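**Student:** Got a structure here, written out as structure tokens. Questions coming.
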Amino acid sequence: MKLQQLKYICEVAKHDLNVSATAQSLFTSQPGISKQVRLLEDELGVEIFSRSGKHLTHVTPAGKVILQAAGEILLKVDGIKRTAQEFCDERKGNLSIATTHTQARYALPKVINSFIGKYPDVSLQMQQGTPKQIAQQAANGEVDFAIATEAMEHFNDLVMMPCFHWNRSIVVPKGHPLAKVTDLTLEDVARYSIVTYTFGFTGRSKLDEAFKEARLEPRVVFTAVDSDVIKAYVRLGLGIGIIASMAFEEEIDTDLIRLDASHLFRHSTTNIGFRRGTLLRGFMYDFIESFSPNLTRERVDSAMGTSNSQELVELFADEQLPVR
């Protein structure tokens with residue numbers, strides 16, 4: 001049994017049993033992967049993947065157990081490599097992050113700029129996606145950190161720690177009737193067409209919950225994952241915009257008016273997390289604390305010591321988080 005074979009079967013599973021796509025991602029040949037998978041199955045005496053002709057169709061029951069064990073082994077191997085790197089040069093390495101557009105565009109730039117200045121020899125990569133994609137990338141080891149707000153049910157296999165709360169604002173063009181309302185209500189908002197985030201992104205669920213509790217039916221006419229796109233369509237007169245307050249830039253959005261909506265919708269919480277069992281290098285702890293000062297190395301280590309998401313919730317239950 002070789003580590004390469006374990007990597008191959010995990011990558012095949014990750015690519016939905018598409019050996020051709022797996023070969024491309026690993027910069028190797030399709031026959032070579034198929035051969036190594038077969039050799040491993042012959043050695044173990046069980047099939048990991050069921051086949052129909054030359055095509056893999058599904059993971060066998062034995063294969064599911066083997067894949068889980070293989071993933072744990074590869075994670076430990078990665079930990080050994082990181083340990084060696086930490087002792088060789090604690091200021092060199094790689095750091096990869098998966099997050100949503102709003103976090104990448106508004107919450108992370110200053111943190112990343114400062115981090116790169118402090119660790120110029122650390123290669124940093126960022127990927128954007130849906131919360132489900134972000135969770136899968138972190139769980140599969142494709143990225144080191146996941147940063148997200150929505151759909152926390154997808155992150156149960158990760159150590160997810162709360163960073164900060166954030167509120168929403170309503171943006172309207174100058175001269176819009178809502179700009180003259182002194183005590184803004186949900187009823188006022190519901191009278192207009194709404195442009196906001198796609199469901200599953202950037203705290204959208206809190207918005208829907210508020211209207212549902214008030215027994216109001218919002219007229220959402222356009223959705224997007226990008227705050228800048230939402231503001232662009234507000235400018236076109238498609239509707240009023242509901243965005244994360246951090247996404248309104250006073251110096252840029254001079255043609256729009258921001259109305260505070262923190263009293264209309266419950267705040268959302270941004271979280272950062274990683275796979276359980278991950279060995280965090282020094283610069284990784286530093287990045288987490290730069291993004292969220294409340295997450296000191298001691299707090300992160302405490303979170304790593306929990307065994308499930310419920311223990312994590314209890315650990316941070318009394319945490320006083322900043323509001324952005």
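The values are calculated or read from the model by the stated rules, or taken from the named source; none is laboratory data. For clarity, every value in this text was computed on a predicted model and none was experimentally measured. Cβ atoms come from the backbone with ideal geometry, glycine included; neighbour counts cover every protein chain shown. Each accessible area value is taken on the protein alone, full model and side chains, heavy atoms only, with ligands, DNA and RNA left out. Shrake-Rupley method; radii C 1.70, N 1.55, O 1.52, S 1.80 Å.
**Student:** Label Lys118 and Lys64 with points 7 Å out from Cα along Cα→Cβ: what is the distance between them in nm?
**Tutor:** About 4.3 nm separates the two model spin labels.
**Student:** Just to be sure I understand: of the beta bridges DSSP finds with both ends in the stretch 135-275, what percent are antiparallel, rounded to 5?
**Tutor:** Percentage antiparallel, nearest 5: 75.
**Student:** In degrees between 0 and 90, to the nearest 10, how far off the longest principal axis of the chain does helix 30-44 point, with axes built from Cα atoms?
**Tutor:** 60 degrees
**Student:** I'd like the per residue volume of the convex hull spanned by the Cα atoms of the stretch 162-220, given in cubic angstrom.
**Tutor:** It comes to 113 Å³ per residue, whole-number rounded.
**Student:** Can I ask one more? Give a residue-ordered list of calculated ³J(HN,Hα) values for the stretch 311-317 (Karplus: 6.51 cos²θ - 1.76 cosθ + 1.60, θ = phi - 60°; whole Hz; x for Gly, Pro).
**Tutor:** 5, 5, 4, 5, 4, 9, 4
**Student:** While we're here: Roll a 1.4 Å probe over the protein chains and send me the accessible area per residue for the stretch 1-60 in Å².
**Tutor:** Roughly 59 Å² per residue, with all protein chains present.
**Student:** Report, in listed order, any pair from Lys180/Lys231; Lys174/Lys206; Lys2/Lys76; Lys7/Lys76; Lys7/Lys35 with a Cα-Cα distance greater than 18 Å.
**Tutor:** From Lys180/Lys231; Lys174/Lys206; Lys2/Lys76; Lys7/Lys76; Lys7/Lys35, over 18 Å: Lys180/Lys231; Lys174/Lys206.
**Student:** Hey, another quick one. Roughly how compact is the stretch 1-115, stated as its Cα Rg over 2.2 N^0.38 Å to two decimals?
**Tutor:** So the Cα radius of gyration is 1.36 times the expected 2.2 N^0.38 Å.
**Student:** Once both axes come from the Cα atoms, what is the angle between helix 109-118 and the longest principal axis of the chain, in degrees from 0 to 90, rounded to 10?
**Tutor:** Once rounded, the angle reads 50 degrees.
**Student:** Net charge around Lys132, counting only other residues with Cβ within less than 12 Å of its Cβ (Lys, Arg = +1; Asp, Glu = -1)?
**Tutor:** -2
**Student:** Then there's this: Got a sec to turn the phi values of the stretch 264-276 into Karplus ³J(HN,Hα) couplings, 6.51 cos²θ - 1.76 cosθ + 1.60 with θ = phi - 60°, whole Hz, x for Gly and Pro?
**Tutor:** Using θ = phi - 60°, the values come out as 9, 10, 5, 5, 10, 10, 8, 10, 10, x, 7, 5, 5 Hz.
**Student:** When only alpha-carbon atoms are used, what values of Rg and Dmax, in angstrom, describe the stretch 81-156?
**Tutor:** Values for the stretch 81-156 (Cα only, Rg and Dmax): 13.5, 39 Å.
**Student:** Same structure again: In the stretch 97-130, which residues have a backbone nitrogen under 15 Å from the label point lying 7 Å from Asn140's Cα in the Cα-to-Cβ direction?
**Tutor:** From the stretch 97-130, the list is 97-99, 127-130.
**Student:** Ok, one more. What nm value, rounded to one decimal, do you get for the distance between Ala317 and Val77 when each label is placed 7 Å out toward the C-beta?
**Tutor:** 4.1 nm
**Student:** Within 10 Å, count the other beta carbons around each residue, average over each peptide in 158-171, 125-138, 214-227, 52-65, and list them highest first.
**Tutor:** Descending mean neighbour count gives 158-171, 125-138, 214-227, 52-65.
**Student:** For the stretch 285-324, what is the accessible area per residue in Å², given a 1.4 Å probe and the full set of protein chains?
**Tutor:** 57 Å²
**Student:** Round to a whole number: what % of the accessible area of the stretch 1-140 belongs to carbon and sulfur, probe 1.4 Å?
**Tutor:** So the carbon and sulfur contribution to the accessible surface is 53 percent.
**Student:** While we're here: Between Ala190 and Ser309, what is the FRET efficiency for a Förster distance of 51 Å, r being their Cβ-Cβ separation, to the nearest 0.05?
**Tutor:** So, using R0 = 51 Å, E works out to roughly 0.90.
**Student:** Projected onto the charge dipole of the stretch 231-295 (+1 at Lys/Arg Cβ, -1 at Asp/Glu Cβ, origin at the Cα centre), which of Ala244, Thr254, Thr270 gives the Cα projection farthest towards the positive end?
**Tutor:** Checked the options; the winner is Thr270.
**Student:** Using the beta-carbon distance between Ser262 and Thr28 and R0 = 41 Å, what value does 1/(1 + (r/R0)^6) give for FRET efficiency, to the nearest 0.05?
**Tutor:** Efficiency, rounded to the nearest 0.05: 0.20.
**Student:** Where does the chain land at 222 nm, in deg cm²/dmol rounded to the nearest 500, when only DSSP H runs of n ≥ 4 count, each adding -39500 (n - 2.57), divided by all residues?
**Tutor:** Mean residue ellipticity, 222 nm, calculated: -12000 deg cm²/dmol.
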